[in-house]
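**Student:** If you scroll down you'll find the structure; I have some questions about it.
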Amino acid sequence: MSHYAVIAPPLYSHVKALQALAIQLIERGHRVTFVQQFEARPLLDDPRIGFYPLGETRLFPGSLANTLALAARPSGLGLFRLIDDLAATTDMLCHELPAAIETLGVDGLIVDQMEAAGGLVADALGLPYVSVACALPVNREPGLPLPVMPFAYATSTQAQHRYETSEKIYDWLMRRHARVIAHHAQRLGLTPRHSLHECLSTLAQISQTPPSLDFPRAALPACFHAVGPLRDERPANYAKTKMTLPPTPFVFASLGTLQGHRYALFCKIAKACQRLEMPLLIAHCGGLNATQVARLERYGTTYVTDFADQRTVLSKASAVITHGGLNTVVDAVQSATPMLAIPLAFDQPGVAARIAHHGIGQSATRFASSATLARRLSDLLNNDSYRLRLSAMYPTLMQAGGAAKAAQIAEQALSECRPVLAEAA
């Protein structure tokens, strides 16, 4: 039995995906401990998974709540404050992880691509680690836009110039985080590094994004494995939610755990469905109050709940309106549910661009009118081509292996300390 540490940003969707991988490793006889700032413990809900808190002297009480509040509204000065918070977390982890790993007696690390500290510390200590892309992969490739960019895929000179310019702008915005990475790479005696894509494993990289959903890739490392969604297959517990599904056909709308507070956007969505006389189910993930819920339910046939068993709802919905979070999108691919993506932050614009590229849905900005949303939603509901393309994606997604395959790859890489090639996995 080996002991593995998981290093991940304290974000709900990332932790849930890595928890699914951890459960698979535990069932294979290993011990798994999440190592993160002290306030992240409630994100885990399986008692078999350990938790080792850090940052109690370096981070102030309430720091995680502050970070999540900034992540929910990442614009203007809030974006720079969020980058500062992310940099502070990486700095804390780089300082405190080595002692924690020694105390825990860790044999290897499982590191989210979005947290550079895991790769930096593992390389410094000579420990094996695997990288996991819970969002779109951060692996950079000439000729492709960064995952946070909304650009369509194109090979023209103009498109290539746009990609290169946007990459420079992104790196400028992230310069405070880059300085932290560079500082600790030098302090730990490593080769110079400045960005997330320079802190990835050479043993195995695991991604939730199926190749059929991504833009064409030509330069991924040989140890890169697209395994599809990392899901805990245990039945979800929604006992506190008395959810009534609308009559079919209906539309499902969810903006994820960070963006469920966007009442005005939910109102536009509800108006759009009212225009089409289409029943709507909204899951706000605890972001709305009772007054807002009551007002939304006045629009046509609108049902509102806090949390929903997403995969069950998607299997019955005729379309889904989503923020473009990768977890929701992959679930929609599994259920062949056409998508209207309204990206709000992070890699969601990139996900929306990929949805449009593959013809499995449409996208709109959050500033679009309810009439515009209604027109695009009507096309999704009345054009069978979207569902046909989604159905064609389904077999490759199901054959990818999911959390069980990811556990097999991680176990092999961490135990043998040599690259696990995609062709041999």
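**Student:** State the number of residues belonging to the range 127-154 that are at pLDDT 95 or above and over 22 Å from the mean Cα position of the chain (by Cα).
**Tutor:** Count: 3.
**Student:** Look at residue 189 and say whether it is farther than 26 Å from residue 218 by Cα, surrounded by 15 or more Cβ atoms within 10 Å (Cβ to Cβ) and modelled with pLDDT of 95 or more. If you could, list the steps in order and put the result at the bottom.
**Tutor:** Values: farther than 26 Å from residue 218 by Cα: yes; surrounded by 15 or more Cβ atoms within 10 Å (Cβ to Cβ): no; modelled with pLDDT of 95 or more: yes.
No: the conditions fail for residue 189.
**Student:** Only one of (1) out of contact with any Phe, Trp or Tyr (no Cβ under 8 Å at 6 or more places or on another chain); (2) surrounded by fewer than 15 Cβ atoms within 10 Å (Cβ to Cβ); (3) not aromatic (Phe, Trp, Tyr) fails for residue 407. Which number is that?
**Tutor:** (2)
**Student:** The conditions are (1) more than 23 Å from the chain's Cα centre (by Cα); (2) buried (at least 19 other Cβ atoms within 10 Å of the Cβ), and residue 28 fails exactly one of them. Which is it?
**Tutor:** (2)
**Student:** Pick from 410, 364, 356: which is at pLDDT 95 or above, assigned by TED's automatic domain parsing to the domain that holds residue 131 and under 24 Å from the mean Cα position of the chain (by Cα)? Full working, then the answer.
**Tutor:** Details: 364 fails: assigned by TED's automatic domain parsing to the domain that holds residue 131; 356 fails: assigned by TED's automatic domain parsing to the domain that holds residue 131.
On inspection, the qualifying residue turns out to be 410.
**Student:** Is it the case, given these coordinates, that residue 379 is of a type in the set (Asp, Glu) and in contact (Cβ under 8 Å) with a residue 12 or more places away in the chain?
**Tutor:** Working: of a type in the set (Asp, Glu): yes; in contact (Cβ under 8 Å) with a residue 12 or more places away in the chain: yes.
The answer is yes for residue 379.
**Student:** Exactly one of (1) more than 18 Å from residue 404 (Cβ to Cβ); (2) modelled with pLDDT of 95 or more is unmet by residue 40. Its number?
**Tutor:** So residue 40 meets the others, but not (2).
**Student:** So which residues in the range 196-212 are hydrophobic (A, V, I, L, M, F, W, C) and either closer than 20 Å to residue 421 by Cβ or at pLDDT below 95 (or both), if there are any at all? Steps first, please.
**Tutor:** Within the range 196-212, the subset hydrophobic (A, V, I, L, M, F, W, C) is 196, 199-200, 203-204, 206.
Across the range 196-212, the qualifying residues are 200, 203, 204, 206.
**Student:** Shifting gears a bit: Among the residues that make up the range 148-171, is at least one of them out of contact with any Gly (no Cβ under 6 Å at 6 or more places or on another chain), of a type outside the set (Phe, Trp, Tyr), surrounded by 15 or more Cβ atoms within 10 Å (Cβ to Cβ) and more than 30 Å from residue 362 (Cβ to Cβ)?
**Tutor:** no
**Student:** Considering the range 71-100 alone, what residues qualify as being among the aliphatic types (A, V, I, L, M), at pLDDT below 90 and surrounded by fewer than 16 Cβ atoms within 10 Å (Cβ to Cβ)? Outline the logic, then answer.
**Tutor:** Going residue by residue through the range 71-100, those that are among the aliphatic types (A, V, I, L, M) are 71-72, 77, 79, 82-83, 86-88, 92-93, 97, 99-100.
Now drop any that are not at pLDDT below 90, which leaves 71-72, 77, 79.
If the condition is that a residue be among the aliphatic types (A, V, I, L, M), at pLDDT below 90 and surrounded by fewer than 16 Cβ atoms within 10 Å (Cβ to Cβ), then 77, 79 are the ones that fit.
**Student:** Still on this structure, please answer the following. What are the residue pairs meeting all of these: first residue in the range 171-190, first residue part of a loop (DSSP other than H, G, I, E, B), second residue among the charged types (D, E, K, R) and modelled with pLDDT of 95 or more, Cβ atoms under 8 Å, and 6 or more apart or on different chains?
**Tutor:** Final answer for the pair search is 188/123; 190/123.
**Student:** Of these, 79, 18, which one is in contact with a Cys (Cβ under 9 Å, 6 or more places away or on another chain) and either in the same structural domain as residue 111 (by TED's automatic domain parsing) or within 23 Å of residue 94 (Cβ to Cβ) (or both)? Show your work before the answer.
**Tutor:** Working: 79 fails: in contact with a Cys (Cβ under 9 Å, 6 or more places away or on another chain).
Among 79, 18, only 18 is in contact with a Cys (Cβ under 9 Å, 6 or more places away or on another chain) and either in the same structural domain as residue 111 (by TED's automatic domain parsing) or within 23 Å of residue 94 (Cβ to Cβ) (or both).
**Student:** Among the numbered criteria (1) assigned to a loop (DSSP other than H, G, I, E, B); (2) within 17 Å of residue 381 (Cβ to Cβ), which single criterion is violated by residue 355?
**Tutor:** (1)
**Student:** Something else: Can you find a residue in the range 120-139 that is buried (at least 16 other Cβ atoms within 10 Å of the Cβ) and in contact with a Lys or Arg (Cβ under 6 Å, 6 or more places away or on another chain)?
**Tutor:** No, that holds for no residue.
**Student:** So, one more: Of all residues in the range 151-198, count the ones that are of a type in the set (Gly, Ala, Ser) and closer than 30 Å to residue 124 by Cβ. Break it down stepwise before answering.
**Tutor:** Let us first name the residues in the range 151-198 that are of a type in the set (Gly, Ala, Ser), namely 152, 154, 156, 159, 166, 178, 182, 185, 189, 195.
Still in the list and also closer than 30 Å to residue 124 by Cβ: 178, 182, 185, 189, 195.
Matching residues across the range 151-198 total 5.
**Student:** With (1) in contact (Cβ under 8 Å) with a residue 12 or more places away in the chain; (2) under 25 Å from residue 412 (Cα atoms) as the list, and residue 126 as the residue in question, which single condition is left unmet?
**Tutor:** (1)
**Student:** Would you confirm whether or not the range 197-219 contains a residue that is over 26 Å from residue 74 (Cβ atoms), surrounded by fewer than 22 Cβ atoms within 10 Å (Cβ to Cβ) and polar (S, T, N, Q)?
**Tutor:** yes
**Student:** Counting just the residues of the range 248-296 that are of a type in the set (Val, Ile, Thr) and free of Cβ contacts under 8 Å to residues at least 60 places away in the same chain, which one comes out surrounded by the fewest Cβ atoms within 10 Å (Cβ to Cβ)?
**Tutor:** Start the filter on the range 248-296 by keeping residues that are of a type in the set (Val, Ile, Thr), which leaves 248, 251, 257, 269, 282, 291, 293.
Among the residues that remain, those that are also free of Cβ contacts under 8 Å to residues at least 60 places away in the same chain are: 282, 291, 293.
Values: 282: 26, 291: 9, 293: 17.
Restricting to residues being of a type in the set (Val, Ile, Thr) and free of Cβ contacts under 8 Å to residues at least 60 places away in the same chain, the top hit is 291.
**Student:** Could I ask something else about it? Under 9 Å between Cβ atoms, which residue pairs at least 6 apart in sequence (or on different chains) link something in the range 129-156 that is among the charged types (D, E, K, R) with a partner that is surrounded by fewer than 19 Cβ atoms within 10 Å (Cβ to Cβ) and outside any loop (DSSP other than H, G, I, E, B)?
**Tutor:** These pairs meet every condition: 140/167; 140/197.
**Student:** Of the residues 414, 340, which is touching a Gly at 6+ places or on another chain (Cβ under 9 Å), outside any helix (DSSP H, G or I) and not hydroxyl-bearing (Ser, Thr, Tyr)? Full working, then the answer.
**Tutor:** On the way: 414 fails: outside any helix (DSSP H, G or I).
Answer to the check: 340.
The values are calculated or read from the model by the stated rules, or taken from the named source; none is laboratory data. What you are looking at is a predicted structure, and each value in this text was computed from that prediction instead of being measured. We place every Cβ from the backbone using ideal geometry, glycine too, and count neighbours over all the protein chains shown.
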